Amino acid sequence: MSWNYEDPNSWYKTYPSASGNRQSPINLDTSEEVFDHKLVERPLDIDYVCCEKGELSNTGHSFMVSTGKNCVIRGGPLGEHEYELVQFHAHWGDDNDHGSEHDVDHTPFPMEIHFVHWNKTLYKDAAEATKSPDGLAVVGIFATVGKENYQLKNVTSELCHIRSAESKPVTIDVIHPIDILPDREDLCDYWTYPGSLTTPPCTENVTWIMLRHPIEISEEQLLEIRSLECHEGGEMVNNFRPVQALHGREIRTTFE
């Protein structure tokens, strides 16, 4: 079934989970967050290896980079379960005043990147995990406008080949996902909460890990990203879902 960002508040009519009480994204309200020392005692372990090749595609809703196997995360809110990276994609606006899906104290960022992982401890593959309890973990990274992001350059420089949603995927060489994240010493600061996919079917089986420290991307790179086209042939911009109600969920942090 097709969907778009013209009226995300109507997604529930086709995808019932979208009206649930555990929906994402949310506003990360720093006055409501709760420091959890257990998350510090059991640190999040992001164990990404270098992927010699990745597949870059235009999904009609975002660009997506499919990665190889053996990039995993564990620890922190994930406990002993191991989650494997399957792809990363992004959400952005038509200008620098908005674009991210999550807000911090009602303030958005120009872009937000999502690293999507499936629970390989409980399930046999990503397809099974996507529709199962505790099946997914997403690491979210905010991006601000600044200097050129060399780690993303081999992605943004190839977007011209997948401008149309009808374009065939292209192969890009050497993807090292860990280099796209903030500096390693900054990875210990994050928010976490139980949520959902931010796109249909909006399944409520995602552990969200939102990194506190943003990365930078240049204005030129953002313009390359905004030049992508959606299924309808128009500009692929404002591909973010509005923030959803918290419904009593706790936002835990590793920092005070």
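Data table
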item: Filtered residue count, the stretch 1-37, keeping only those that are in contact with a Gly (Cβ under 9 Å, 6 or more places away or on another chain) and either at pLDDT 95 or above or within 23 Å of residue 74 (Cα to Cα) (or both); result: 7
item: Residue 203 being over 19 Å from residue 84 (Cα atoms) and hydroxyl-bearing (Ser, Thr, Tyr); result: no
item: Scan of the stretch 82-129 for residues that are of a type in the set (Val, Ile, Thr), closer than 21 Å to residue 22 by Cβ and surrounded by 19 or more Cβ atoms within 10 Å (Cβ to Cβ), ordered by number; result: 116
item: Test for residue 213: is it out of contact with any Cys (no Cβ under 9 Å at 6 or more places or on another chain), assigned to a loop (DSSP other than H, G, I, E, B), surrounded by fewer than 17 Cβ atoms within 10 Å (Cβ to Cβ) and modelled with pLDDT under 95; result: no
item: Residue count for the stretch 104-128, restricted to those that are in contact (Cβ under 8 Å) with a residue 24 or more places away in the chain and more than 17 Å from the chain's Cα centre (by Cα); result: 5
item: Qualifying residue in the stretch 130-152 (condition: among the basic types (Lys, Arg) and part of a helix (DSSP H, G or I)); result: no
item: Some residue of the stretch 146-163 being among the aromatic types (Phe, Trp, Tyr) and touching a residue at least 12 places away in the same chain (Cβ under 8 Å); result: no
item: Cross-chain or 6+ apart pairs with Cβ under 8 Å, the stretch 170-181 first and touching a residue at least 60 places away in the same chain (Cβ under 8 Å) and assigned to a strand (DSSP E or B), then surrounded by fewer than 15 Cβ atoms within 10 Å (Cβ to Cβ) and among the basic types (Lys, Arg); result: 171/53; 172/53; 173/53; 174/53; 175/53
item: Out of 225, 178, sole residue that is surrounded by 14 or more Cβ atoms within 10 Å (Cβ to Cβ) and more than 30 Å from residue 38 (Cβ to Cβ); result: 225
item: One residue from 62, 66, 57 being polar (S, T, N, Q) and under 21 Å from residue 119 (Cβ atoms); result: 66
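Here's the yes/no breakdown for (1) under 16 Å from residue 172 (Cβ atoms); (2) touching a strand residue (DSSP E or B) at 6+ places or on another chain (Cβ under 9 Å); (3) outside any helix (DSSP H, G or I):
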position: 55; (1), (2), (3): yes, yes, yes
position: 70; (1), (2), (3): no, yes, yes
position: 73; (1), (2), (3): no, yes, yes
position: 77; (1), (2), (3): no, yes, no
position: 85; (1), (2), (3): yes, yes, yes
position: 91; (1), (2), (3): no, yes, yes
position: 122; (1), (2), (3): no, no, yes
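The values are calculated or read from the model by the stated rules, or taken from the named source; none is laboratory data. Remember, predicted model here, so these are calculated numbers, not experimental data. Cβ: placed from backbone, ideal geometry, glycine included. Neighbour counts: every protein chain shown.
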